[in-house]
Structure formats: structure tokens, C-alpha cells
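See structure below.
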Amino acid sequence: MSEQYIYPVKPEIARHAHITEALYQADYQRSINDPEGFWAEQAQRFLHWRAPWHTVLDYDYPSAYIKWFQGGRLNVSENCLDRHLADKGDQLAIIWEGDDPNQQRRVTYKQLHAEVCRFANALKAQGVGKGDHVCIYLPMIPEAAVAMLACTRIGAVHSVVFAGFSAEALKDRILDANCHYLICSDEGFRGGKTIPIKATVDKAAEQCPGLSKIIVVQRSGNPVNWQPGRDMWYHELLAIADTESEPEAMDAEDPLFILYTSGSTGKPKGVQHTTGGYLLYAAMTHKYIFDYQPGEIYWCTADVGWITGHSYVLYGPLCNGATTLMFEGVPTYPAADRCWQIVDKYQVNIFYTAPTAIRALMAQGDDFVASSDRSSLRILGSVGEPINSEAWEWYYHVVGQTRCPIVDTWWQTETGGILITPLPGATELKPGSATRPFFGAKPEILDAQGQVLTGVAEGVLTLSFPWPGQARTVYGDHQRFIDTYFKAYPGYYFTGDGARRDEDGYFWITGRVDDVINVSGHRLGTAEIESALDLHEHVAESAVVGYPHDIKGQGIYAYVTLIVGTVPSEELKRELIAHVRAEIGAIAAPDRIQFAQALPKTRSGKIMRRILRKVAANELDTLGDTTTLADPAVVDDIIANRLNR
Ligand code: WT7
């Protein structure tokens, strides 16, 4: 661990930065000592309110009751669009770069506002009203931004589903959120491949009787199946829609969106964020953590189907009047220099991506980077999983030419925005450390008994005080929200992550402490993959664990026992992988499948995952105690047939 080397703050960055070290120290203290005063001031500074709040914060962690800015009224699309029209109407809001390097679109604030207003009216004309749930299943095209913002304009709640999820996974999310409306495209393009979006929606819709309207954006123009009465073209609705749209004044605590994420048990949960606190937190973190300066071109590579896309492609940047770049494709198409070509093409100043992408590009060699200029880059960001020091150093030296601070930002779908991170003009960097808390964040490290550890310590990562961007509930299941995040350590929000604090008070995220794995920056529950496998007719039982993977961070390792009489084969493995893809999506496809005679269990029948994780990681010396197993011989079979050596 290269904990020793510290990268000092760059004077040329600090000189013009929004936040310097002195300011960080002062404001951080204030945010902790007087959170209500601090956040009230920020809410005035960052947002336009239709009506003032009467209570800044009211909360009770044991019942997971969290309210910010109650009584305050505002509209998200008004904050992201209307208020920029006077001075930034002709500035670019979105730069869109297609999967095909010859396709791009530039959308000004004026144009985006006009299209959002019309689409908001189109939605209304179709019967969508305040509080209705709208599912969005779109590729990375500007219409995804329009659809999300149009929902917020009329007070509808969007549930964006990543367009890489299967029909089955989409169906689950449509049903769980009780969506009557869905917005999709005919097809999508990614890495030169055509993605059958509408066909997937059609399949999901067969099992969603409540889904009555489907609005389709024309992206490829290829023919798609059509159900008259239910299916409508986006462009046809826009053509007849009114252009004037009065933004709905929403309560600060009205729901803004639902976004599904995986947990250690059960089906993915619909994390619910609300209007005022979320928008404030997304905007403020975007401005300070990326040190966004007026006129800069900012690019976050995340898909809008994830929280990073919500907060840092769309809401944070647009609320700040920034120019945000939206990329339809993948970093390696047509070649591994694609990101740097885009950086040069649009003179990108701030670039935010995931360690898995950095490692994948690093593996392709430096020549792909060296062929570009990149002198426009000023700040680099990382998110989604711990960044190993080799990848950090490569990002810093090769991509950033030692000129750009790297902000390693730790957060979660549930946190709405970044909580632990460096600030470019304030924080000395240690490769691999997410460093220090953002304003208002009170991280605490606890031991397994729930005791607060002080000083240098390692344990579970919790937060002892609310922040405005915090999720408010799990849609339709508040008890699950309480049980997952507020029960294990009463009085704290439990993150599911482990962390270490070093002698400088810097935080090092050590990874999940639950049965959640992080594959290429995508969060997956091992239980979901197991239930997908278990549905297959030849599978008796399965256990899924993560193992260290050079590019993906973690790979998916599945141990499978077969129904008696089934012959194990390579073909069956391929069939099981295809089956998981169909049940969840390509991101959940196992990298390794090991057929086992039996799974190691305790005498009470609990699968001993610790052992399975060790075997998958090929760490046989540290298997630990196996004497409590019902049948220790099972482990010998598993070790003998292990796939990672
Ligand atoms: C989990 C949350 C929030 C953005 C994308 C992922 C891991 C996230 C970091 C980081 C170490 C990180 C954690 C966390 N994670 N960022 N900078 N360093 N780990 O959101 O899908 O909700 O996943 O991602 O394990 O709990 P998500």
C-alpha cells in the first residue's frame, strides 16, 4: 500500500479553487457544529425556492424519519433550466457524443428548456400527473435528460432502469414501482452493437398489465413492433405539444425519483430520494468536489441508469448551469483512445470515471493515451469502487500528466451524493484513499459491537448525522429501509462498507462487509444471482461470491450443485450464464461456474461463504476453521476442483 507518498495540493489549483484548506477546515467545523444554520445558508445559495421552508431538519434515525426543508417549495427543472435562461440561455447545457464518433449534438439551455417544456406537456396530455410513477428505459441520449427533467417539471416521479437490464429485471422494477407509463427508444447503440430496447420493453410489458402507455424515442429508425393505443412516438407527441409549461411547485420532501439498487438479501430495492435536499446536495457537491468553474466542460462517463448519472451527469451539473457531456458509447470503441479523443474534441476540463474503466484502459497500454493532447484536463475523478494504487498512479501520471488532482469520491445510491472525498484546492492526496468527509458528513468507524472507534481504526463505516442528499425510504417498504440501514447500529446510518482511518484522519474504504459485490463498478447482490441460478431446471443449489479480478475489481464466482442425474458440462455452464443474463442482465453473468457435489454448510444448514470466498480467491492458507462444518470433506472436493489457481 503506497500510503507513504502524499501528493500536495497544487498551488495553481488552490489559487482559483472554490474551497481552500482554510475554508474547508472552517466550513467543515461549522457544518458539524451548526448543521441547520449551515445547510439553510447553502439551500439559499444553491437553489431557487418558490416558498421558504419552516424547518431545516427533523429526523429520528431509529424510525428512519428524515425531513429536510419542510414546507419549502421548489421545482427541480426550474432550478436546472429556467433560472439559467437569462444569462446562460445560449450556453451549452448538454454536449452529446454518439457511439459513432461522427455523431454529436449540442443542446443549449434554451433548447433544453424548450424541449423539456414541450415534453412535460406531452406527458400531461397522456394523463401523467403529479406523483405518478414513470419508468425510463433509455440509452444515453439527450432525450433521457429531457424525460427525467420533464417528469420533475410536472411532479412525476421517475424510475430510471439501466438499459442493460434484461426484460425480466425491467419487469420486476416496473411492477415494484407500479409504473403506468414508460419511456424508451426503438433501439440503442453501444460499442458498435445495436441494442434492442423496444423489443425488451415489449417482453417486459407482457407481464405488466398496469403499464398502459409507452412513449418511444426514435434513435435507430429501424422497424419495431407496435401496439396501437399503447405505443406512441416521442417526436409525434412533441410536435403537437404546447410550448409553455409552468413548473409545478413541489414540497421539498415530495418524492423526486426511485432508483433500484442491490442489497445483500432479496430483490433490488427502490431507493427513494426527495426534491429539495437531494438537489441541494447534488449541486453543492458537484460544484465544490469538481471545483467546477463557469464555462468549463465537465464529463462524467456514468450512465443515467445509475445514481452517478442522476447526480453527476444531470442534476448537479445542470443545477449549477454547467456544460455536461453525455456519451452514448464505451471507452474502447472504436479504439481504446476514445475517451482522450473526446477530451480533445470538446476540450473537456473535468473527467469523472470508474476504476474499472481506468484499469481496462491501462491494460491497453500508454500509446492510446499518448496520441492525444489532454491539456484541457484540470481535474480527474474516480467513483464506484476502491481504486488500487497502480491504477491511481497511472491515471495521475499518464492521463493527467501529473497536472490534475484526482478526487476519489466515496458514496452510494442511498447517499444521493458524494460523502467522503478530496477537494481539489484543499486536500493532500494519498493514492487509494477517499480522504476526508465532505461538509456535513459525520463518518464514524464502529467495531462489530457497535462501539465508536477513535483515532487510527478499522471497522464498519457509518454516518452519525443526516445530510440533505440522504435517501428517505425504500419505496413501498419502509420497514426494509429501517432494517437495512438503521437497525444494526442504533443511532447510525450503516453503509455496508468497511473502512480504516489512518493517522491523518484519512478514510480508506476496504470494501463491502455484506453479501454485496462490486463488479466493474456495478453493485450486485450475490443473493439475486443465486436466485436467478436457482430458477434453472438443472440447478439444485448455488452460492455466489466475488473474487479479485484485475479489470472488474471483483469477478462473479458461482458454485452450483446440480439436480441428481444432471451431467455437468461446459455447455451447461454456457446455458447457466445465458440464463443469468436473461434473468438480470449481462452485468450479472458469472465469470466462473464451478460444479460442486455439495456446498459447505454449518450443522444448522447455513452456507459458509467465508470458505467459498477464500477458495475463489485461491487463498487456501487462510481458510480458517472448518471444524464447524457438517461435512468437512465437501471442502476438499471444492478445493480440488477450484477454477482460480
Ligand atoms: C458502493 C455503492 C455512488 C456511486 C457509484 C456506486 C462502493 C463507491 C467508492 C470509492 C471505494 C466505493 C462502496 C459503496 N464505492 N465509491 N470511491 N471507494 N468504494 O454506487 O452502486 O450504490 O454502490 O460502491 O462499496 O458502498 P452504488
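The values are calculated or read from the model by the stated rules, or taken from the named source; none is laboratory data. Every value quoted in this text rests on a predicted model; they were computed, and no experiment measured them. No Cβ is skipped: glycine too gets one built from the backbone with ideal geometry, and neighbour counts run over all protein chains shown. Protein only, heavy atoms only, side chains kept; ligands, DNA and RNA dropped before computing areas. Shrake-Rupley method; radii C 1.70, N 1.55, O 1.52, S 1.80 Å.
How many residues does region 501-539 contain that are within 12 Å of the ligand (Cβ to nearest atom) and of a type outside the set (A, V, I, L, M, F, W, C)? Can you show your working first?
Our first condition is that a residue be within 12 Å of the ligand (Cβ to nearest atom); within region 501-539, this holds for 507-514, 516-525.
The next check asks that each one be of a type outside the set (A, V, I, L, M, F, W, C); those that pass are 510-512, 514, 518, 520-523, 525.
Number satisfying all stated conditions: 10.
Inside region 550-583, can you point out the residues that are hydrophobic (A, V, I, L, M, F, W, C), assigned to a strand (DSSP E or B) and open to solvent by less than 10 Å² (accessible area, probe 1.4 Å)?
556, 558, 560
With the structure loaded, tell me whether residue 414 is acidic (Asp, Glu) and in a strand (DSSP E or B) or whether it fails that test. Full working, then the answer.
Details: acidic (Asp, Glu): yes; in a strand (DSSP E or B): no.
It is false that residue 414 is acidic (Asp, Glu) and in a strand (DSSP E or B).
Taking the options 270, 221, 266, name whichever one is in a loop (DSSP other than H, G, I, E, B) and modelled with pLDDT of 95 or more. Can you show your working first?
Details: 270 fails: in a loop (DSSP other than H, G, I, E, B); 266 fails: modelled with pLDDT of 95 or more.
Exactly one residue qualifies, and that residue is 221.
Would a scan of region 384-404 turn up a residue that is free of Cβ contacts under 8 Å to residues at least 60 places away in the same chain, within 27 Å of residue 275 (Cα to Cα) and within 15 Å of the ligand (Cβ to nearest atom)?
No: zero hits.
For region 584-595, give me each residue that is of a type in the set (A, V, I, L, M), part of a loop (DSSP other than H, G, I, E, B) and surrounded by fewer than 22 Cβ atoms within 10 Å (Cβ to Cβ).
Step one: of region 584-595, the residues of a type in the set (A, V, I, L, M) are 584, 586-589, 593.
Remaining after also requiring part of a loop (DSSP other than H, G, I, E, B): 584, 589.
Within region 584-595, just 589 meets the criteria.
Quick check: is even one residue across region 532-549 open to solvent by 50 Å² or more (accessible area, probe 1.4 Å), in a helix (DSSP H, G or I) and either modelled with pLDDT of 95 or more or in contact with a strand residue (DSSP E or B) (Cβ under 7 Å, 6 or more places away or on another chain) (or both)?
yes
Which one of 529, 556, 563 is touching a residue at least 60 places away in the same chain (Cβ under 8 Å) and among the hydrophobic types (A, V, I, L, M, F, W, C)? Talk me through it step by step, then tell me what you get.
Values: 556 fails: touching a residue at least 60 places away in the same chain (Cβ under 8 Å); 563 fails: touching a residue at least 60 places away in the same chain (Cβ under 8 Å).
That would be 529, the only listed residue that is touching a residue at least 60 places away in the same chain (Cβ under 8 Å) and among the hydrophobic types (A, V, I, L, M, F, W, C).
Being among the hydrophobic types (A, V, I, L, M, F, W, C) and either more than 28 Å from the chain's Cα centre (by Cα) or open to solvent by 10 Å² or more (accessible area, probe 1.4 Å) (or both) is true for just one of 76, 56. Which residue is that? Full working, then the answer.
Values: 76 fails: either more than 28 Å from the chain's Cα centre (by Cα) or open to solvent by 10 Å² or more (accessible area, probe 1.4 Å) (or both).
Among 76, 56, only 56 is among the hydrophobic types (A, V, I, L, M, F, W, C) and either more than 28 Å from the chain's Cα centre (by Cα) or open to solvent by 10 Å² or more (accessible area, probe 1.4 Å) (or both).
Might you let me know whether region 385-403 holds any residue that is assigned to a strand (DSSP E or B) and closer than 16 Å to residue 352 by Cα?
Within region 385-403, the first condition is being assigned to a strand (DSSP E or B), and the residues that meet it are none.
No, the conditions are met nowhere in region 385-403.
Where the second residue is modelled with pLDDT under 95 and surrounded by 19 or more Cβ atoms within 10 Å (Cβ to Cβ) and the first is β-branched (Val, Ile, Thr) and lies in region 70-93, which pairs have Cβ atoms under 8 Å and are six or more apart or on separate chains?
none
Go through (1) in a strand (DSSP E or B); (2) over 21 Å from the mean Cα position of the chain (by Cα) for residue 247 and report which single condition fails.
Unmet for residue 247, out of (1) in a strand (DSSP E or B); (2) over 21 Å from the mean Cα position of the chain (by Cα): (1).
Looking at 17, 64, 43, which one is of a type in the set (Gly, Ala, Ser), under 22 Å from residue 419 (Cβ atoms) and in contact with an Asp or Glu (Cβ under 7 Å, 6 or more places away or on another chain)?
Working: 64 fails: in contact with an Asp or Glu (Cβ under 7 Å, 6 or more places away or on another chain); 43 fails: in contact with an Asp or Glu (Cβ under 7 Å, 6 or more places away or on another chain).
The conditions single out 17.
In region 125-150, which residues are free of Cβ contacts under 8 Å to residues at least 60 places away in the same chain and open to solvent by 10 Å² or more (accessible area, probe 1.4 Å)?
129, 132
Any idea which residue in region 430-439 is farthest from the ligand (Cβ to nearest atom), counting only those that are more than 19 Å from the chain's Cα centre (by Cα) and open to solvent by less than 10 Å² (accessible area, probe 1.4 Å)?
439
Between a first residue in region 493-518 that is among the aromatic types (Phe, Trp, Tyr) and a second residue that is assigned to a strand (DSSP E or B) and open to solvent by 10 Å² or more (accessible area, probe 1.4 Å), which pairs have beta carbons less than 7 Å apart while being 6 or more apart in sequence or on different chains?
From region 493-518, the pairs are 494/460; 507/443; 507/501; 508/500.
Of the residues 318, 377, which single one is outside any loop (DSSP other than H, G, I, E, B) and crowded, with 19+ Cβ neighbours inside 10 Å?
Values: 377 fails: outside any loop (DSSP other than H, G, I, E, B).
So the residue among 318, 377 that is outside any loop (DSSP other than H, G, I, E, B) and crowded, with 19+ Cβ neighbours inside 10 Å is 318.
What is the one condition in (1) surrounded by fewer than 15 Cβ atoms within 10 Å (Cβ to Cβ); (2) closer than 24 Å to residue 272 by Cα; (3) in contact (Cβ under 8 Å) with a residue 12 or more places away in the chain that residue 35 does not satisfy?
Only one criterion in (1) surrounded by fewer than 15 Cβ atoms within 10 Å (Cβ to Cβ); (2) closer than 24 Å to residue 272 by Cα; (3) in contact (Cβ under 8 Å) with a residue 12 or more places away in the chain is unmet by residue 35, namely (1).
For residue 332, work out the one condition from (1) closer than 28 Å to residue 413 by Cβ; (2) crowded, with 22+ Cβ neighbours inside 10 Å it doesn't fulfil.
Here residue 332 meets the rest and fails (2).
Do you know which of the residues in region 452-486 that are over 22 Å from residue 258 (Cβ atoms) and open to solvent by 30 Å² or more (accessible area, probe 1.4 Å) is nearest to the ligand (Cβ to nearest atom)?
Among them, the one singled out is 458.
Would it be correct to say that residue 153 is surrounded by 21 or more Cβ atoms within 10 Å (Cβ to Cβ), basic (Lys, Arg) and either in contact with a strand residue (DSSP E or B) (Cβ under 7 Å, 6 or more places away or on another chain) or not in a helix (DSSP H, G or I) (or both)? Break it down into steps so the answer makes sense when it comes.
Working: surrounded by 21 or more Cβ atoms within 10 Å (Cβ to Cβ): yes; basic (Lys, Arg): yes; either in contact with a strand residue (DSSP E or B) (Cβ under 7 Å, 6 or more places away or on another chain) or not in a helix (DSSP H, G or I) (or both): no.
Here the answer is no, as residue 153 does not meet what is asked.
Of all residues in region 406-428, how many are away from the ligand (no atom under 11 Å from the Cβ) and either open to solvent by 10 Å² or more (accessible area, probe 1.4 Å) or at positive phi (or both)? Spell out how you get there, then give the answer.
In the first step, residues of region 406-428 are kept if they are away from the ligand (no atom under 11 Å from the Cβ); the result is 423-428.
Still in the list and also either open to solvent by 10 Å² or more (accessible area, probe 1.4 Å) or at positive phi (or both): 428.
Number of matching residues: 1.
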